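Here is the structure we will look at, set down as structure tokens.
The values are calculated or read from the model by the stated rules, or taken from the named source; none is laboratory data. Everything numeric in this text was worked out from a predicted model, so none of it was measured. So basically every Cβ, Gly included, is an ideal-geometry build from the backbone, and we count neighbours across all protein chains shown. Just the protein is used for accessible areas: all its heavy atoms, side chains included, with ligands, DNA and RNA removed. Shrake-Rupley method; radii C 1.70, N 1.55, O 1.52, S 1.80 Å.
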Amino acid sequence: TKATATTTRQFANEAHPRPLGFTPAEWPRDPQGIYFGGNDMLLTPRQMLAFGELYLRRGRVKGPDPVTQGRQVVPETWIEQSFRPPSVSPISGQQYGYGWWMRDLAGHQAYFAWGFGGQYIIVVPDLELVVVTTSASTVAEDRRTHRRALFDLVEALIIAPVAAAG
């Protein structure tokens, strides 16, 4: 907020959603009035897909608008750094980059942004594939089994067939 002389929400909208063709819902604010931005994004599946495609295309916009088509809105070096695992979760043992978790799905390296309940943006670069899932946000007690079931479905019914079709 200080560095850009604007709100984090306004800065983020100018940098990402607007070039992708959408404006996200209002973000919650902290007691000082600063937007969170790291959660409660409330994206539609199409918006999630656009964000995943931005990472798949190494920071370049894909879309029908000729003004923004191909525009670099996230530095390619940031995309590369985001997909490198500087840490491992002490709870799950999974690798975590900058905003992206990493795991193997059907023999392919996958990167996923993890939202509440079962909202995932899954990027599989070597298949040029982005998969988006949404599900109930009320799975708190059963979240681990729910998460496994979602990944099993994506792996068996989407990633493996796409990989086999080659």
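Annotations
- Matching residues in the stretch 1-21 - criterion: being surrounded by fewer than 16 Cβ atoms within 10 Å (Cβ to Cβ) and in contact (Cβ under 8 Å) with a residue 12 or more places away in the chain: T1, A15, G21
- Matching entry among M41, M48 (being part of a loop (DSSP other than H, G, I, E, B), buried (at least 18 other Cβ atoms within 10 Å of the Cβ) and under 12 Å from the mean Cα position of the chain (by Cα)): M41
- Restricting attention to the stretch 7-32, the residues being part of a loop (DSSP other than H, G, I, E, B) and under 14 Å from Q47 (Cα atoms) number 6.
- Restricting the stretch 112-133 to residues that are at pLDDT 95 or above and over 13 Å from V154 (Cα atoms) leaves a set whose member that is most open to solvent (accessible area, probe 1.4 Å) is E128.
- Looking only at residues in the stretch 22-36 that are open to solvent by 70 Å² or more (accessible area, probe 1.4 Å) and in contact with a Phe, Trp or Tyr (Cβ under 6 Å, 6 or more places away or on another chain), the one that is nearest to E53 (Cα to Cα) is F36.
- Scanning the stretch 82-90 finds one or more residues that are more than 18 Å from R148 (Cβ to Cβ) and of a type in the set (D, E, K, R).
- Test result for K62, out of contact with any strand residue (DSSP E or B) (no Cβ under 8 Å at 6 or more places or on another chain), surrounded by 12 or more Cβ atoms within 10 Å (Cβ to Cβ), at pLDDT 80 or above and among the charged types (D, E, K, R): yes
- Cross-chain or 6+ apart pairs with Cβ under 8 Å, the stretch 67-84 first and at positive phi and open to solvent by less than 80 Å² (accessible area, probe 1.4 Å), then at pLDDT below 90 and aliphatic (A, V, I, L, M): G70/V61
- Of the residues screened, M48 is one that is within 20 Å of I122 (Cα to Cα) and modelled with pLDDT of 80 or more.
- Cβ pairs under 6 Å, 6+ apart, first in the stretch 22-44 and under 14 Å from T1 (Cβ atoms), second at pLDDT 85 or above and open to solvent by 60 Å² or more (accessible area, probe 1.4 Å): Y35/R29
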